[in-house]
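Novice: Questions regarding the structure given below will be posed in turn.
The values are calculated or read from the model by the stated rules, or taken from the named source; none is laboratory data. Here the structure is a predicted model, which means the values were calculated and not measured. Heads up, the Cβs are rebuilt from the backbone with ideal geometry, glycines too, and the neighbour counts pull from every protein chain shown. Only protein heavy atoms, including side chains, enter the accessible area calculation; ligands, DNA and RNA are left aside. Shrake-Rupley method; radii C 1.70, N 1.55, O 1.52, S 1.80 Å.
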Amino acid sequence: MISLANLRASATPWLFLPALLYMSAIISGAVFGGFSDYGVTSGEQAALGVTVIAPAVAGAAAWEAGRQRRSGPLAAVSVRGRVHRFLWATTPVIVLQILLVIGALIIARTQNGAWPDGRGLLAIAHLLILPWGWAVVGWALGKVCPRAVAAPLAAVACWAFIAIPQSISSPAWRHLGGLLTESSTLTDLLDPRVYLIPWVVVAGFALAALLLTGVRRRPWLLAVSAILAVGVVFVGRSFVLGWGFDPLTDPRTGHTVCTGISPSICLPSEYSNQADQMRQAVLPRLQALHTVGLPSPRALEMTSPDLPLRSSTWPLQWSPDMSSEKLDYALAQSAVAGIATLHGVHDCGQPSIADTWAMLVMGVDEEQAHATLTDQGWAQLQQIRALSASKQSAWFTQAIRSQRFCTPETS
């Protein structure tokens, strides 16, 4: 009953509806992942709500701290312990966060078609841990500043640290705030450090903010707090310097289900019900490549580019909404990478005349294939197509083994 009275007396519940509407616009409007019915992406899409939940919780905690500070003399004679009093005072903040997290899950489920699972559950933990760290920061500010100042200051500072670095040219700063700019794919998952490092940074901020509450008795704590806040930022930055603009990922393993024999089609378990249909679409194209002398794969498997391919296995690029035209191009690239692996060569993965030749062999319209090459490349390809089938196959194999079409990547 006391907690219900605390909720009724608090202004925090009034934040729920506007925060939910703003969060819904962010999550629903984001082009994130592109994979439906995929629990990992669902969790990561829900984690976009951290840009709303964390500032709302930080501001609410600062307001509640200011409200409770006014009843300081009553706290001095309370029979409750300090931790009990803290939890009771932050009940409105905890309820607000839980309701917003539930809202983020429902919105992501509506958009994606699946509830978070697997590595996506780590993204849900992110929605709980990161905002609570900022809530501690807001609470500490509410203890040392008027709540009318502390609440907007905590909310704006939180939002600025999470959102603004995304527009900074230096990529290292983008990984400290905890806003996910990229999602996992069907073959690669976000590394747990993508979440862990922002947690460490906000924990440092929370500790630094708590030190501020003792500045009146120990003024030197102000310097310690500032050093801690700056230090934790640069320590976190040192761990992400080599990441570049994209967060770290881990190759996904043991996630495919195979259908058929020679070739087997191996799709992620989330889409195993589409493997038969995919195999029927692939077989005529593979038969056309085999007719001109290319070896047929034993399996086409969706696997991470960071993992070595097994012999006679071609990598498969696929997505649930892939069109027939994109499938032709994806299979052409699979043929190039698979033949390269067969000869002990690592394919650079760059578009080439060899890709276009394979597309034409599979029956792709010439106008569509021409669009993938320059006029000079198309003229060269026409000369090759005038050769016999065996000579074309030999040229294709030699082009892949030499990798002459690869150009050095520039940064």
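Novice: Taking Cα pairs under 8 Å and at least six residues apart, what relative contact order does the chain come out at, in percent?
Specialist: Once normalised by length, the contact order is 13 percent.
Novice: Right, something else. Loop-only check: which trypsin sites (Lys or Arg not before Pro) in segment 212-244 are DSSP coil with at most 14 other Cβ within 10 angstrom?
Specialist: For trypsin sites (Lys or Arg not before Pro) across segment 212-244 that sit outside H, G, I, E and B with at most 14 neighbouring Cβ atoms in 10 Å, the list reads R216, R217.
Novice: Rounded to the nearest 0.05, what FRET efficiency is calculated for T110 and S319 with R0 set to 22 Å and r the Cβ-Cβ distance?
Specialist: About 0.60, to the nearest 0.05.
Novice: Taking all protein chains as present, what is the carbon and sulfur share of the accessible area of segment 132-191, in % to the nearest whole number, probe 1.4 Å?
Specialist: That share works out to 72 percent.
Novice: Which value at 222 nm does the chain reach when only helices count, each DSSP H run of 4 or more adding -39,500 (n - 2.57), with the total divided by all residues and rounded to the nearest 500 deg cm²/dmol?
Specialist: -19000 deg cm²/dmol
Novice: So for the pair Q376, D250, with labels modelled 7 Å out along Cα→Cβ, what separation do we get in nm?
Specialist: Modelled inter-label distance: 4.6 nm.
Novice: With springs connecting C-alpha atoms under 10 Å apart, model the chain as a Gaussian network and identify which of W14, W63, W132 has the largest mean-square fluctuation.
Specialist: Taking springs between Cα atoms under 10 Å, the residue moving most is W14.
Novice: Continuing with the same structure: Per residue, how much accessible area does the chain have with a 1.4 Å probe, in Å²?
Specialist: That works out to 49 Å² for each residue.
Novice: Run the simple label-point estimate for S238 and L196 please: 7 Å along Cα→C-beta, distance reported in nm.
Specialist: Placing both labels 7 Å along Cα→Cβ, they lie 1.7 nm apart.
Novice: A further question follows. Set the Förster distance to 41 Å, then compute FRET efficiency between N273 and F16 from the Cβ-Cβ distance, nearest 0.05.
Specialist: That pair, N273 with F16, gives E of 0.60.
Novice: Here is a further query. If I compute volume of the Cα convex hull per residue in Å³ from the structure I just sent, which labelled value in (1) 190; (2) 265; (3) 164 lines up?
Specialist: (3)
Novice: Count the DSSP beta bridges whose two residues both fall in the chain, then state the antiparallel fraction as a percent rounded to the nearest 5.
Specialist: Counting DSSP beta bridges with both partners in the chain, the antiparallel share is about 55 percent.
Novice: Hey, another quick one. Report, to the nearest 10°, how far helix 324-342 tilts away from the longest principal axis of the Cα atoms in the chain, using its own Cα long axis and a range of 0 to 90°.
Specialist: 80 degrees
Novice: In the Gaussian network model of the chain, springs joining C-alpha atoms below 10 Å, which of I227, I265, I106 carries the largest mean-square fluctuation?
Specialist: Result: I227 has the largest fluctuation of those listed.
Novice: Quantify, in whole percent, the carbon and sulfur part of the accessible surface of segment 235-276 (1.4 Å probe; protein heavy atoms only).
Specialist: Answer for segment 235-276 is 52 percent, counting heavy atoms of protein chains only.
Novice: Test of understanding: in a Gaussian network model of the chain with alpha carbons linked when under 10 Å, which of Q166, Q382, Q111 would top the mean-square fluctuation ranking?
Specialist: Q382
Novice: Can you give the angle from 0 to 90° between the axis of helix 91-112 and the longest principal axis of the chain, with both taken from C-alpha atoms, to the nearest 10?
Specialist: 20 degrees
Novice: Which residues' amide hydrogens lie under 5 Å from the amide hydrogen of D188, considering only partners 5 or more residues apart or on another chain, with H built in the peptide plane?
Specialist: Sorted by chain and number, the residues that satisfy this are R252.
Novice: Would you calculate the separation in nanometres between label points at F86 and Q350, each defined as 7 Å from the Cα along the Cα-to-beta-carbon direction?
Specialist: It is 5.7 nm.
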